[in-house]
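Each remark here refers to the structure printed beneath this line.
The values are calculated or read from the model by the stated rules, or taken from the named source; none is laboratory data. Bear in mind the structure is a predicted one, so any value in this text is a computation, not a measurement. Cβ atoms come from the backbone with ideal geometry, glycine included; neighbour counts cover every protein chain shown. Accessible surface is based on the protein model in full, side chains and every heavy atom, while ligands, DNA and RNA are left aside. Shrake-Rupley method; radii C 1.70, N 1.55, O 1.52, S 1.80 Å.
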Amino acid sequence: MYASDVAQRHFSAAVNEAETAGLGHEAVCRALLGLVISKYLETRSVADIQAELRFIAENCDPDTDFMFMRP
């Protein structure tokens, strides 16, 4: 089992529960993101978390190809 498997299972359950309760997925996604950031702050610097979030935001377009450098 991988960490991504655990995360996916719990994420799907949270989204399903939120939608069943009439909250929608946007609210639960925002709440989960806040929880992740709070947990990161226990062991990582604000600048490190900002850099990771910036990287994710800048690379979240599924239609964008990534440039890879060859040795």
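Restricting to segment 34-48, name every residue that is over 17 Å from Phe11 (Cβ atoms) and surrounded by 10 or more Cβ atoms within 10 Å (Cβ to Cβ). Explain how you work it out, then say what you get.
In the first step, residues of segment 34-48 are kept if they are over 17 Å from Phe11 (Cβ atoms); the result is 41-48.
Of everything in segment 34-48, those that are over 17 Å from Phe11 (Cβ atoms) and surrounded by 10 or more Cβ atoms within 10 Å (Cβ to Cβ) turn out to be Leu41, Arg44, Ser45, Val46, Asp48.
In the set Ala31, Ala14, Ala18, Ala57, which member is in a helix (DSSP H, G or I) and touching a His at 6+ places or on another chain (Cβ under 8 Å)?
Values: Ala31 fails: touching a His at 6+ places or on another chain (Cβ under 8 Å); Ala14 fails: touching a His at 6+ places or on another chain (Cβ under 8 Å); Ala57 fails: touching a His at 6+ places or on another chain (Cβ under 8 Å).
Residue meeting the stated conditions: Ala18.
Need pairs with beta-carbon distance below 6 Å; first residue among the hydrophobic types (A, V, I, L, M, F, W, C) and within segment 10-35, second open to solvent by 60 Å² or more (accessible area, probe 1.4 Å) and in a helix (DSSP H, G or I); sequence gap 6+ or separate chains.
Val15/His25
Six or more apart or on different chains, Cβ atoms under 9 Å: show the pairs whose first residue is in segment 39-50 and among the aliphatic types (A, V, I, L, M) and whose second is open to solvent by less than 80 Å² (accessible area, probe 1.4 Å).
Pairs that qualify, where the first residue is among the aliphatic types (A, V, I, L, M) and the partner is open to solvent by less than 80 Å² (accessible area, probe 1.4 Å), are Leu41/Ile49; Ile49/Ile37; Ile49/Tyr40.
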